[in-house]
């Protein structure tokens with residue numbers, strides 16, 4: 001009988017030890033920190049010791065916040081557990097994961113967390129918008145690469161056209177000395193003056209029409225019986241060097257129009273004269289005078305043998 005009693009006592013002692021070990025395995029834990037994220041019932045928390053732990057929220061978890069002054073509390077639902085919320089917790093588990101029995105936070109901390117979220121939401125939307133823009137930009141890059149290839153072809157074609165125009169200019173230059181030596185054999189049959197805006201070398205539609213009329217008259221004379229002389233000028237505005245360059249651009253613009261649009265052969269044009277501020281047609285002291293000096297004089301010269309002119 002006594003042996004039996006000892007066995008029962010030993011069994012009871014073993015059960016007590018097992019119960020104690022189970023209780024120790026589930027340590028009571030508490031702490032505080034700030035929520036950094038959430039996934040379902042798992043709340044990610046950064047503690048005051050800069051440790052990252054997971055709080056497991058269950059149906060039995062009680063969540064409270066302060067109400068007014070004193071120690072009054074109000075129980076709320078788990079939806080308040082948002083990133084940025086500072087809280088205290090009590091529960092059981094391990095240092096890395098705690099099944100929470102209670103959570104407590106201050107009402108003002110919750111208001112601050114909502115303000116933080118309000119600032120983050122537009123940022124998240126902007127990030128999503130930026131992702132869409134990046135994708136659109138990628139598509140745009142592909143389109144641009146196609147356009148670049150087409151532009152390179154156009155650039156190459158422009159180079160060829162420039163080379164052709166340069167040949168025309170060189171031809172004009174080569175024939176200059178011969179043209180000037182023959183000037184004594186020609187007389188002025190007709191002329192027109194092209195006027196330009198300040199600092200510009202573009203030819204207006206009205207001036208183009210006058211050039212076209214003069215070119216038509218020249219072509220009707222005969223291919224070897226005429227010359228066209230171009231002399232361009234600038235007013236005194238700006239430096240002498242810039243005005244010299246500007247007069248050159250104006251002369252070249254007139255010659256280019258006669259060659260390309262009017263069909264005048266390159267050999268029939270005397271090399272354009274860029275005369276800068278020289279030989280003003282009127283005083284540069286007035287607006288009207290300066291307007292008259294921004295000009296290109298274009299003369300149709302015809303062989304005196306055609307016109308019947310003397311020596």
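Sorted on the mean count of surrounding Cβ atoms within 10 Å across their residues, most packed first, peptides 58-65, 257-264 read 257-264, 58-65.
Label positions at residue 193 and residue 30, each projected 7 Å from the Cα along the C-beta direction, are separated by 10.4 nm.
Shape of the stretch 27-113 from its Cα gyration tensor (a ≥ b ≥ c, root eigenvalues): rounded if a/c is under 1.5, otherwise prolate when a/b > b/c, or oblate? The shape class here is prolate. Treat the stretch 176-307 as a sphere of radius equal to its Kirkwood radius over Cα pairs and apply Stokes-Einstein at 37 °C in a medium of 0.692 mPa s; give the translational diffusion coefficient in µm²/s, rounded to a whole number. Result for D is 219 µm²/s. Each peptide in 100-112, 275-287, 144-156 receives the mean, over its residues, of other Cβ atoms within 10 Å, and ordering these scores from highest gives 100-112, 275-287, 144-156.
Bear in mind that the values in this text are calculations on the coordinates, not laboratory data. Everything numeric here is computed off the predicted structure, so don't read it as measured data. Positions of Cβ are generated from backbone atoms using ideal geometry, with glycine treated the same way; all protein chains shown enter the neighbour counts.
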